[in-house]
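Q: Take this structure, written in structure tokens, and hold onto it; I'll ask about it next.
The values are calculated or read from the model by the stated rules, or taken from the named source; none is laboratory data. Note that the coordinates shown come from a computational prediction; the quantities given were computed from them, not determined experimentally. Please note: Cβ atoms are built from the backbone with ideal geometry, for glycine as well, and neighbour counts cover all protein chains shown. Just so you know, the surface numbers come from the protein's heavy atoms only, side chains and all, with ligands and any DNA or RNA stripped out. Shrake-Rupley method; radii C 1.70, N 1.55, O 1.52, S 1.80 Å.
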Number of protein chains: 2
Amino acid sequence: MSLKELGELGIIRILESILGSSARTAIGFGDDVSAVKLGSGKVAVLKTDMLVGSTDVPLGMTFRQAARKAVVANVSDLAAKGVRPLAGLVALGLPANMAKRDLHGLAFGLRDGEREYGFPLVGGDTNESQDLTISIALFAIAEHKRLVLRDGAKIGDIVAVTGAFGSTSAGLKSLLDKKKRPRQLPTPLYKAVFMPRAQLKLGVKLADSGALTASIDSSDGLAWSFHELCQASRVGMRIDEVPIDRAAKNFALLYNYDATELALYGGEEYHLVVTVKPNKFDLARRIADGKMWQIGTVTERSEGITLKRNGNYVKIPRKGWEHFRRYA
Amino acid sequence: MSLKELGELGIIRILESILGSSARTAIGFGDDVSAVKLGSGKVAVLKTDMLVGSTDVPLGMTFRQAARKAVVANVSDLAAKGVRPLAGLVALGLPANMAKRDLHGLAFGLRDGEREYGFPLVGGDTNESQDLTISIALFAIAEHKRLVLRDGAKIGDIVAVTGAFGSTSAGLKSLLDKKKRPRQLPTPLYKAVFMPRAQLKLGVKLADSGALTASIDSSDGLAWSFHELCQASRVGMRIDEVPIDRAAKNFALLYNYDATELALYGGEEYHLVVTVKPNKFDLARRIADGKMWQIGTVTERSEGITLKRNGNYVKIPRKGWEHFRRYA
């Protein structure tokens, strides 16, 4: 059996079963970040995410944008836990025929990331590789109890998101399908695909407020995030409405897509999906300067994960972006 | 200009110039590890090293051995600084056509590494990639002043190594050259190439003893290590003799290689190259259970880096294993 047939979840299951976990670990495999107990209630927060040229870099993305995005993807997971990175490392796999000016671009993209999110890349490793590879590892120190994990959602909590969805998905579909590719991508779709942003400031402020009970970033798709949060917290979710980006709506109308599907089953979209204590939702929304939409409620696990469509709550399947297997 | 023409040093120079350094950083790019100040004299020690299938995995190496070696390469750099890893992360780039049993092998190899060096891999990331990629990041906490850096060698210090050299080089040459490939690689050469070991226990004990003034691991080749230590410490070195592994000597005799060249310009050999206070050399050797050879003396920078051959001290050129450019 090949890894293609096994799929990313199958791969992760094998790795987890053999590597196991450790008493040292505060959070092991399975949350947005890992954490190691340091004593006195502190944990070291560790995160790694690898960007691979052949699978993660869409047509037309510059080396500078790709390197910046590699940083963003890592920072986003820390943002979801409410933690600022203290420092990072970068391991590079670079094709031998890559041009010097592209290396400059790549380095500037890494620097863009450092500056936007206020931490230094303090070391790294360079290698020759057939496939462009940018592997970032981030490090932080935090109070253990301050980390907003995936497993804290309680029945009755408000489900909220920090942005509108679908623009990354629409932008990528537009790039992949020649017939549906406009001469120039509309600016919001271009920005979503090529210059995504991690919600670091917002994630830290929300964690500080104590309003959140659980949090995850939406990088594997919104539907996927619902499922991950619910599985970790052993709850269900009733979603009333998914906020859809206006440019994504236009794209869907123009090219006959279901805008809700674009919003649910995309990926590489770095918003936060959070559950909020009902009596603290106003506080959270104030902290977010309005960048927070109530989209549903946490329910009993047995109710499953449903979305209101045409007046009825229908199940949201566990689909999303998974490497090795490509969902429609 | 392509990266092939630029060479690894040129690449690193560009990355360093654009990424720069930071006040936060105790050690930036340029030592075996990076370190970030945490206050109270403590530092977080960070290290990443990436193994790439097409360039770092010799013919005949199993997935298990490759994954284990990826851990060893990272641990060796911490060993040289005298620091035990607290936890690690692993980011994987895996070819879609890789077999499930090979993924099992890879996971077991990572576990071998965890167990041999006593730390857990607490998280990671999996990706599809054309080129097998195993990117490890290690994390530790240490007293800043306890780290044995590259820049502390003083004139008059003893230069010492913790092993005999040349077996990895001989093994690799044997594998690469069909004419010189015996039906079965002699065990010491096989072990050197496929099951190298990092000197973690020894490195920590030596750092504890306070006998060392500088330290580096020999993974980029012995000659390269001399040059790195001397450059960082602004000194020279007079090397009287290089200990050569017996199996490497036999290989050299049999196939007409210069054994000293094999020992000096190899790589992927994970011994420690250290400078020792003269009045503490006996202590260091006792701590090392005899696994420590005095090979020379630290001199003024102006004397350069020389090796005694046929009664004369001749310059040791700065050659070694460098990705992108291949030295003879």
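Q: How much mean residue ellipticity at 222 nm does chain B get from its helices, if each DSSP H run of length 4 or more adds -39500 (n - 2.57) and you divide by all residues, to the nearest 500 deg cm²/dmol?
A: -11000 deg cm²/dmol
Q: From the Cα gyration tensor of segment B:1-148, with a ≥ b ≥ c the square roots of its eigenvalues, which class applies: rounded if a/c is under 1.5, or else prolate if a/b is larger than b/c, or else oblate?
A: oblate
Q: State, in square angstrom and to the nearest 100, the accessible area buried between chains A and B, both chains counted, probe radius 1.4 Å.
A: When A and B are taken together, about 6100 Å² of accessible area is lost.
Q: Probe of 1.4 angstrom, ligands and nucleic acids ignored: what's the accessible area per residue over segment A:230-328, in square angstrom?
A: Per-residue value: 54 Å².
Q: Quick one: with all protein chains in place, what share of the accessible area of chain A is carbon or sulfur, to the nearest percent (1.4 Å probe)?
A: So the carbon and sulfur contribution to the accessible surface is 48 percent.
Q: Next question, about the same structure. Rank B:ALA259, B:ALA198, B:ALA79 by mean-square fluctuation in a GNM of chain B with C-alpha springs under 10 angstrom and give only the top-ranked residue.
A: B:ALA259
Q: Pairs of Cα atoms under 8 Å, at least six residues apart: use those to get the relative contact order of segment A:15-133, whole percent.
A: RCO, segment A:15-133: 27 percent.
Q: Which whole-Hz couplings ³J(HN,Hα) result when phi for each residue of segment B:210-219 is put into the Karplus expression 6.51 cos²θ - 1.76 cosθ + 1.60, θ = phi - 60°, listed in order with x for Gly and Pro?
A: x, 7, 8, 10, 7, 7, 8, 8, 9, 5
Q: If you don't mind, another one. Could you work out the relative contact order of segment B:214-308? I mean the mean sequence separation of Cα pairs under 8 Å and 6+ apart, divided by the number of residues, in percent.
A: 50 percent
Q: Now for a different question. If you keep only loop residues by DSSP, which trypsin sites (Lys or Arg not before Pro) in segment A:245-313 have at most 12 other Cβ atoms within 10 Å of their Cβ?
A: none
Q: Select from B:ILE11, B:ILE305, B:ILE27 the residue whose mean-square fluctuation is largest in a Gaussian network model of chain B (Cα-Cα springs shorter than 10 Å).
A: Of the options given, B:ILE11 has the highest mean-square fluctuation.
Q: Then there's this: Going by a ≥ b ≥ c, the root eigenvalues of the Cα gyration tensor, does segment B:259-315 fall in the rounded group (a/c under 1.5), the prolate group (a/b larger than b/c) or the oblate group?
A: oblate
Q: Looking only at GluC sites (Glu not before Pro) in DSSP loops with at most 13 other Cβ atoms within 10 Å, what is the longest site-free stretch of chain A?
A: Between exposed loop sites, the widest span is A:1-240.
Q: Leaving out ligands and nucleic acids, and using a 1.4 Å probe, what accessible area per residue does segment A:1-106 come to in Å²?
A: That works out to 34 Å² for each residue.
Q: Using Cα pairs closer than 8 Å and at least 6 residues apart in sequence, work out the relative contact order for chain B, in percent.
A: 22 percent.
Q: Okay, next question. How big is chain A by Rg and Dmax over its Cα atoms, in Å?
A: Rg then Dmax for chain A, in Å: 19.5, 59.
Q: Using a 1.4 Å probe, what is the accessible area per residue for segment A:125-192, in Å²?
A: 44 Å²
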